[in-house]
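A.B. asks: Just dropping this structure here.
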Amino acid sequence: MSEPFDKLKKSLHEVLEVANDKIDKRMKAAFEFVDKLRAEELAVNDDLEMVRDERLALEDQCRELEGEIARVKQLRSELEAKQQGGLFAACMARPKPVEDVVVEPEPDVHLLPEDADPDSDPDLEYG
């Protein structure tokens with residue numbers, strides 16, 4: 001009677017061994033997957049830290065640039081306040097109204113009458 005129990009015991013041990021092998025394979029695959037995820041998580045954290053550092057550097061550069069822009073605006077306003085004119089100031093300035101200028105014809109210029117023919121009379125001149 002012990003023989004059928006021995007066979008049953010042996011077959012149960014074989015089935016248990018196959019099940020344990022399958023479990024071990026799945027556990028190994030799961031641990032490898034977890035290790036891979038941890039490695040990816042570390043890589044993502046490193047990338048995130050690098051991006052944060054770059055963001056801080058860019059924010060510092062933006063603040064410096066804003067300071068420079070403010071300085072340029074201040075220098076420009078000071079320069080414009082000091083400028084009283086320049087090389088092209090007369091050309092660029094708006095014309096000022098002149099009221100006391102009177103244009104008079106020159107005394108030695110003679111105007112021809114409308115019916116005069118200058119080709120026929122050499123004494124007549126254009127004015």
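A.B. asks: At 0.36 nm per residue, and after removing the present C-alpha to C-alpha distance, how many nm does the segment from residue 35 to residue 59 gain when stretched out fully? Could the numbers behind the result be given before it?
C.D. replies: On the way: separation 24, 0.36 × 24 = 8.64 nm, distance 3.59 nm.
Between residue 35 and residue 59, full extension yields an extra 5.0 nm.
A.B. asks: Let me ask another. Leaving out ligands, DNA and RNA, what percent of the accessible area of the range 12-60 is carbon and sulfur, probe 1.4 Å?
C.D. replies: 61 percent
A.B. asks: Would you list which lysines come within 29 Å of residue 36, measuring only between C-alpha atoms, while excluding same-chain residues fewer than 8 positions from it?
C.D. replies: Excluding near neighbours in sequence, the set is 22, 25, 28.
The values are calculated or read from the model by the stated rules, or taken from the named source; none is laboratory data. All of these numbers come straight from a predicted model, not from anything done at the bench. These accessible areas exclude ligands, DNA and RNA; they are computed on the full protein's heavy atoms, side chains included. Shrake-Rupley method; radii C 1.70, N 1.55, O 1.52, S 1.80 Å.
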